[in-house]
Structure formats: C-alpha cells, structure tokens
Number of protein chains: 2
Amino acid sequence: MVSKEITEILEAVVGPDNIAFDTAALTAYAYDATRLKGKPDVVVRPGSEEEVSKIMLLATRYGVPVVPRGAGSGLSGGAVPSMGGIVLSFERMARIISIDTGTRTAAVQPGVVTGVFQKAVEDVGLFYPPDPGSLAYCTLGGNVAENAGGMRALKYGVTRDYVIGLRAVLPSGEVIRTGVRTAKGVVGYDITRLLVGSEGTLAVITEITLKLVPKPEKVFTMTAFFRDSADAGRAVAAVMASPYTPRCMEFLDSEALKAGAVHSGFNLPDTAGGFLLIETDGSETEAKRQIEAISGLVGQYAINTRMAADEAEAQSLWKLRRSTSQALFTLAPDKVNEDTVVPVDKVSDALAGFGEISAKYGLKIVCFGHAGDGNIHVNIMTDKKDPVKKAKAGEAVADVFRLVLSLGGTISGEHGVGLTKAPYLGMELSECEIALLKKIKKTFDPADILNPGKIFCLE
Amino acid sequence: MVSKEITEILEAVVGPDNIAFDTAALTAYAYDATRLKGKPDVVVRPGSEEEVSKIMLLATRYGVPVVPRGAGSGLSGGAVPSMGGIVLSFERMARIISIDTGTRTAAVQPGVVTGVFQKAVEDVGLFYPPDPGSLAYCTLGGNVAENAGGMRALKYGVTRDYVIGLRAVLPSGEVIRTGVRTAKGVVGYDITRLLVGSEGTLAVITEITLKLVPKPEKVFTMTAFFRDSADAGRAVAAVMASPYTPRCMEFLDSEALKAGAVHSGFNLPDTAGGFLLIETDGSETEAKRQIEAISGLVGQYAINTRMAADEAEAQSLWKLRRSTSQALFTLAPDKVNEDTVVPVDKVSDALAGFGEISAKYGLKIVCFGHAGDGNIHVNIMTDKKDPVKKAKAGEAVADVFRLVLSLGGTISGEHGVGLTKAPYLGMELSECEIALLKKIKKTFDPADILNPGKIFCLE
C-alpha cells in the first residue's frame, strides 16, 4: 500500500501532471497482453533518470513494489502490477538520443516505440533487425527487459544481440553505466546482458545503446503450402541443414492457417495443412540466389511454393501470418499461449507430440511461430469459465513443457517467465540454479521491491 | 599453501598421473603470455566434471585458491596463479563432444584447442568465426572465460556471440547448466553471458555449447598502404560509414609495419606509413562485390591498394600482419601491450593522441589491431630493467587509458582485466559499479577461492 506521504513525495518528484491514482488510470495500467490484471496504487511517469533514481530510493526506503512498464505488450505478465505499488511508466522517456551512421550505433530512452525507431534507423540507411510481433506499439525498454525476439531472429538474432550498453538505476537509486559504446569491451562482468531479459527485476533501464547493421538492399518473400505440419517441419529441417540462412521462416499449422485465412480473407489451397512464409535479404543477387535455393529445398516437401511477385503480395502473406494470433479466438473463448523452443531438427517431433497432447485432453492445440529457430507458439484453446476445460488446459501446459524439455528445448524462447511461467521454472532449472538466480536478485534488490513475484513465485 | 592432506585427497580424485608438484611442472604452469609469473602449489588435471566438482568442494572447504587454465595464452594474467594454490589444467578435458549440422551447434569440453575445433567444424561445411591470434594453441574454455575476440569480430562478433549454453561447477562444487541448446531461450537471468568473460572468477566451465554458421564459400583479401596512420584511420571510418562490412580490417602503423616487414621478409613500398589488411567473405559474387566497393573507398586515402591474386599471396599478407607482435621485440627489450577500443570514427584521433603520449614520455608507441572494431593494441616499448623507462611506461599507460576513455572507448576490448588491468578498473567503472561486480563475485564465490586477485585488486 502506498501511503499519502509517499504519493506526496512522488508528486514532488515528477510533478502533478505525471502522477495518477484515479480509477481510470489505475485500470489502464493494470494489464498486459496476457490479460492478467494487477492493482497498482499509483502510476508515475518519470521524465528523467534523476527522477527514476529518486523514485527508486524512495521505494526501497518504504518497501513499495515498483513495476517498470513500457507499452504493456508483454506476453508473460512482466508489466502486471500483481503486488500493487508503483507503476513506473516510461511514456515520457521516449526520445531517440542519437543515431550515428559513423559508428553504426544508436542511443535511445526506454520508452521509444520499436517500430518508430526502426523507421528512423532505416531512413539513414541502417537497420535494427529485432522485430517482435507488437513492434507497432511495444517499446525498446520492454524489448530489452524481456529480450524480445521476433521474425528475423533466425538470421539476425534477438534484442540481446544488439544491446551493447545501458544506463540503469539500481533499487538503491544509484545509477550505473554498463557495457560499452564501441564494438567490443570486456571490462568487468557482463552486467549489460545480465540486465537484458531480467524482466525488470534487477534494475530500471534508463538509456540503451544499440548496435545497428547496414540496411539490406533487397528482401524476397516466398510461401510454401504443405499437406500437413510434419512435412512443413521436415522442410524447415532441410533448410537449416543447408548452407542457406533465410532471415525468417514462419510456420502455421492447419488450424492456424484456416483461422488466419478466414480472418485475413486469404484464399487457401484445398489440401493445405501447413504453411511456411520465408524471406531472404541482402544484396539483390545474393538474396535472390538464396531464396531460389531455399525454394528448391522446400519444394521437395511442399504441395506448392510461390514467390511473392511484389511488395503488395508479400504484405498479403504477412497479413495472413500476423492475423493468426487474434484469429484463434474464433476457435475457442480463451487460449493459453506458450512460447516453446525445440532444436530445429525436432520441430516435426514436437508438432506430433503436441497433437497427442491435444487428443489426450480433448482440447484443440494450435501451433505457429518462428520455425527456423525451433520457436513454436503453442496455443491451447480453452474456456476459462469452464472449470473442467480450464483444469485440463493447465495439465496440457505441463505436458507441453515436459515434451519440449525432453526434446532438448526450453519453455520460453522470447516471452519471458514473468507471472505465467514462474510456477514452471523448476521444470527447466534445478534447485541449485534457481537458488543462484535468487541470490543474484537479492544482490541487486535486497528489499525485493523491483517487480516482485516475477520470474520467481512469491514464497 | 596446499597441505599434504589436501594433495592426498586431490591425488585420490584425479589419480597419481594427473597431479604434479615437482619444480618443472610448477614452473611450466606459472606463466601466461603476459610473462607474469605465479607460484602454484600443485597442478591438477581433472578428467571429468565430477572430478572438477570434488576439487572445488575441497578447495572451498580448505580455502585454497583455484586457477582454471586452458593453454596459458592469455594476455592479462588471467591464468597466472598469483596467489599460489591449485592450477586446474584442462588438457585432459579436450573432447569435441558433438558437431551437429542439423541444428548448427556443437558441444565441446573446455580444453579443445580453438584451431582444432575450427577445422573440425569446417570439415562438415560449418564455420566457427571467433579467431583469436593464438588460435593454434589457445583453448575454447580460455576463449569463453576471457570472451576472446579476434580478426573476424568485425563481421561475426566475439566468442560471447557464439556461446549459447554452458555446464559449469560453482565454487561450492555444485554443477549448473546454463542457457539453452536451441536458437533462443529466456528462462531466468542470463548466467551464460555472465560467465562468458568472467575470467575464471565465478565458476569453472566444464562444457560449452556453441552456435555455428554456414561456412562462407569464398574469401577475398586485399591490402592498402597509406602515407600515415591518420589516412589509414580515415579509410577505416569511410568503410564503416558505408553499407559494406568486411569480415576483418586489420591495421598496422608505421613502426609495426616496418618491424613486421623485416621479420616476415615482406617488401614494403618506400613511402608506406600505414597499412590495412581487409577481407570480405560470403558467396563468390557477394564477397567480390563487397571487396571491390571497399577497395574503391579505401583507395581514396591510400598510396596503393592491391587484391591478393591467390591464397599464397593472401597468406604472405597475413604473415606480415601476424608477425608484428613478436617483431616488436626488435625495437625494445620489453613492451606493455594494452588492448584499447575507441568508437570506429575516432581511430585517427586516438592514433594522433598516442603519438603525443609517445613524444611526452620519449617512448616508442607502436599500434596495430582490429581497426574495423576500433580495437587498437597499443604497445608501449620499454625496458623493464631501466627503472626510469619502466616508470615512464606506467605513466604512459594511464595516459593512454585516459585518452581512450575520453573518446568514448574502453580499456580492454578482448584481453580481459586479469592482473594487468585490475589497478585501472576504477578509471572505467564507478565505485558503485565495482561494488556491484564484487557483490556478484561474492554471490558465486563467498570464500574467494576462484582465481582470486583477478579483475579486482586484493584489498
């Protein structure tokens, strides 16, 4: 509970226009994209690192939970104020500080929207590859906190691979500078990558230095339709065992494909039971050579393949891919979306296994995702109002996790642990490993005020 | 001091053939490539993770320092047993466990020699890019501990960018598994990257999972000679501001060039006062297109540029580059080699500044390195037997560090802090940042037995 005394100090720090505790504000900042709901006591919008520092010092002194928040687009509850307290929203710290073509780097405040930044970078001939599905509204601070992935991770890697330095405020209010502003640096432990993906539990990020790459000249887009998921999985494995690396290789299973096609008005081949959307990029010659070679490999397993004739056709294919997630709500009132990864040569095995779990519990399981990374979003369709179906979905989730772990995979590829996966942490990590993570948490945040209850279940 | 009781237990763990405390062995394991000398009490060569675990448990219980050691090729004293104790040498744990073309990953024990691994990987059509100068004898375990860089970091990144998972033994003897064996994973804090570059101070690495990439079809090599270093620096900046990314762009200044040419029997152009060795790779078309474009850019600043006609010519150019480090000993009895990085558009400024420092102290300063990363190895030529020159070299080092930090750089790009840079840590990091690193050290190693005195000066 945040007392009147504390809110008065907070108001003095950020000014009366940047603090809110009316019901509308508290409701608006209670959710993230999981639809989980918390109950914040107060929403504060700092305008500077100095203000963040004062807020953290105060929160530590009074033992008040602080939940840093970008756009609330996260998929594991990371920004949900589940313990109440202060929501620290970064919408006012949303400035692109610099984009430097000479060093191929940029510096940004955490509230910058990812898509806005990508465009600004491309305008000067550079490229910021990470592209989470929510890039139109998610923020770079949130991307760093969750180590967001996306479609192009296959060739370019994830957010972590582009963060070279940070400024951050510790729970004590102290400001640290991590990493470098150069191409290399090995002075001291890698606090930069420790903070990337730490889900707002170790420190509050106030500035991000990002590495950029030259903008690829040309992108080629193709699709392949398959009889079933297993064949699509085989095609993925064949590409990854070849010398070619597409920049993305997106997969939809039969149900995802049908729902997405209806939703986006796409005309499907009759026998289509699996789908890949593949892109290559680079110089025109090189990107073309790669897409043609990949098309040949994939063609061996597909019922048809097609190269997008132009940008408009490519966009309609992406519309089909991107509409899937929302379209699934036509299949059932609720879905439990799990973000699993398996080794890329085990995608077919994983999909077959998910099919068995679906049959076992009598629940539809719909799969799509970043197949080239082995990153499959597994959607267990359920109805949370039906206690039987809800319980079955819970059991199915545990089965899904057991399967991916048995195949050498992980229970979260890019969404984080947050609230939703915290109960399952012990399936992937040993007691000793969890104890080590908790000790690191305590080192940074002895009072446990920074995003408490995330990653680790409360004891 | 390691007691008779402890050596008896150690002998029981690893067997009598794998423990040594004769003078010859203790001398052989006392050094690394800095020529700094420690005094180990015992050398132990474990054969398995289980043996490492038993040794660590014992060392923690008795408070004995443990210094993990690959090939002793490090350049900051990381493997020097400066506090005595146990040298834990990994020559028996040198197995390539798997190279998997289906998932583009490999698993290795820490004692595998980097060059041996590179060759094995290339034999199956894959590629492990990191290539520290010592790759013919350095080990992957050492590379991971120091986050080794190398020539090809410009395009491909450093060791950290290829380590996706580890097995490691904590000082307590407990075994942890970190990261993933897949393309993505975000479960818990990134302990993998925290251990990469931790210089053997947090845990003992027992197995490494590495990401691989397809082997590039073709490499093109070119050289450019410049009137002086400043022009070479300008050429580097021009390339990095272009849409092209060479896989390496190596620099030699006038002194390095002359010494290297004598040492390797290379015939220099008369007016040459600066040198770049540039490579591109990829498909034949693409690599050729890039080297031609780069040659055009570089040509604007060079007195001549030349494409290597064949592999033999490329090798003779590499011989010139690689012989530099040794050749410098013809200029002075000793050198202090510092591994600085500046933003890539500040290379010319840095080189000019090093020239001023050289004049100020009357000591030759010779520079070479990975110019495309802004990573300049600064060699302050001195004579350690001459107390005046020795003191001046020490002051020059501090000036060099002040300069690179003022340009937005770092005092170590790829060699680590170890013993040699520990006294300068406070020039780059704040008190608060150093305190945080020490707390992390204490979290992993409360008894301070793992490589004590490295990174942080002893208090």
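Below, the figures for the structure above:
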quantity	calculated
Label-point separation in nm, B:Tyr31 to B:Arg61, each point 7 Å along Cα→Cβ	3.6 nm
Ratio Rg/Rh [Cα only; Rh per Kirkwood] for the range A:39-177	0.98
Value in Å of the Kirkwood radius, where the range B:68-138 supplies the Cα pairs that are averaged	13.4 Å
Calculated diffusion of the range B:414-459, Stokes-Einstein form, Kirkwood radius summed over Cα pairs, 37 °C and 0.692 mPa s, µm²/s	298 µm²/s
Percentage relative contact order, the range B:108-158, counting C-alpha pairs under 8 Å, at least six apart	41 percent
Lys, Arg +1 and Asp, Glu -1 on Cβ, resulting dipole of the range B:232-360 about Cα centre, debye, nearest 20	160 debye
Net charge of Cβ neighbours under 9 Å - reference B:His415; Lys, Arg +1; Asp, Glu -1	-3
J(HN,Hα) series, the range B:109-118, from Karplus relation 6.51 cos²θ - 1.76 cosθ + 1.60, nearest Hz, glycine and proline x	7, x, x, 5, 6, 4, x, 5, 5, 3
Equivalent-ellipsoid semi-axes of the range A:104-175, from the Cα gyration tensor, Å, largest first	21, 14, 12
Solvent-accessible area, 1.4 Å probe, carbon plus sulfur percent, for the protein assembly as shown	52 percent
Drop in accessible area of at least 50 Å² in the complex versus isolated chain, residues of the range A:148-168, 1.4 Å probe	A:Arg160
Total lysine pairs under 22 Å (Cα atoms) in the range A:352-459, excluding pairs fewer than 8 apart on one chain	26
Whole-angstrom Cα spans of chain B along principal axes, big to small	67, 59, 42
Residue-normalised accessible area of the range A:143-223, expressed per residue, 1.4 Å probe, Å²	22 Å²
Sequence-distant residues sharing a close amide H with A:Ser48 (under 5 Å, placed H)	none
Alpha-carbon spread of the range A:11-118, three principal axes, descending order, Å	46, 32, 23
Computed over chain B: relative contact order in percent, which uses C-alpha pairs under 8 Å that are six or more apart	15 percent
Only Lys, Arg (+1) and Asp, Glu (-1) charged, at Cβ; the range B:1-89 dipole about Cα centre in debye	380 debye
Cβ charges +1 (Lys, Arg) and -1 (Asp, Glu), total dipole of the protein assembly as shown, debye	420 debye
The range A:308-411 pair-distance distribution - Cα-Cα, 5 Å bins, rounded %	2, 13, 23, 20, 17, 12, 7, 4, 2, 0
Across the identical copies, how the B:Tyr31 labels are spaced - nm, sorted shortest first, 7 Å along Cα→Cβ	6.8
Where B meets A: accessible area buried, both sides, 1.4 Å probe, Å²	6000 Å²
Copy-to-copy label separations for A:Glu459, where each label sits 7 Å from Cα toward Cβ, in nm and ascending	2.5
Protection proxy ranking of B:46-59, B:429-442 - average other beta-carbon atoms within 10 Å, highest first	B:46-59, B:429-442
Buried on assembly, the range A:101-127 (at least 30 Å² less accessible surface than by itself, 1.4 Å probe)	A:Gly102, A:Thr103, A:Arg104
q = 0.16 Å⁻¹: log10 I(q)/I(0) that the Debye formula gives for the range A:332-392, counting C-alpha atoms only	-0.50
Value of relative contact order over the range A:180-282, rounded to a whole percent, pairs C-alpha under 8 Å and six or more apart	36 percent
For the range B:1-112: accessible area per residue (Å², 1.4 Å)	42 Å²
Stokes-Einstein D (µm²/s) once Rh is taken as the Kirkwood radius of the range B:369-459 over alpha-carbon pairs, at 4 °C in 1.567 mPa s	87 µm²/s
Probe 1.4 Å, accessible area per residue of the range B:263-322, Å²	49 Å²
Alpha carbon centroid spacing (whole Å) that separates the range A:1-48 from the range B:114-165	48 Å
Inter-centroid distance (Cα atoms) of the range A:338-362 relative to the range A:370-446, Å	14 Å
Surface/4 of the Cα convex hull for the range B:225-287, nm²	5.0 nm²
Inter-copy label distances at A:Pro446 (7 Å, Cα→Cβ; nm, one decimal)	1.5
The range B:105-241: Rg to Rh, with Rh as the Kirkwood radius over Cα pairs	1.05
Volume of the Cα convex hull of the protein assembly as shown, divided per residue and given in Å³	166 Å³
Listed residue (A:Phe21, A:Ser283, B:Gly296) projecting farthest to the positive dipole end of the protein assembly as shown, Cβ model	A:Phe21
Amide H within-cut-off set for A:Cys248, under 5 Å, with H built and near neighbours excluded	A:Glu279
Table column - 3J(HN,Hα) (Hz), the range A:323-330, Karplus curve with 6.51, -1.76, 1.60, x for Gly and Pro	7, 4, 4, 5, 4, 5, 5, 6
For the range A:236-246, 3J(HN,Hα) per residue [Karplus equation, 6.51 cos²θ - 1.76 cosθ + 1.60, θ = phi - 60°, Hz, x = Gly/Pro]	4, 4, 5, 5, 6, 8, 9, x, 9, 10, x
Taking the C-alpha atoms of the range B:166-320, convex hull volume expressed per residue in Å³	176 Å³
Angstrom value of the Kirkwood radius, inverse mean 1/r, which spans all Cα pairs in the range B:358-412	11.9 Å
For the range B:280-296, residues shielded by at least 10 square angstrom of accessible area compared with the chain on its own, probe 1.4 Å	B:Ser283, B:Thr285, B:Glu286, B:Arg289
For A:439-445, mean number of other protein chain Cβ atoms within 10 Å	4
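The values are calculated or read from the model by the stated rules, or taken from the named source; none is laboratory data. Computed from a predicted structure; not experimentally measured. Glycine also receives a Cβ, built like all others from the backbone with ideal geometry; neighbour counts cover every protein chain displayed. Only protein heavy atoms, including side chains, enter the accessible area calculation; ligands, DNA and RNA are left aside. Shrake-Rupley method; radii C 1.70, N 1.55, O 1.52, S 1.80 Å.
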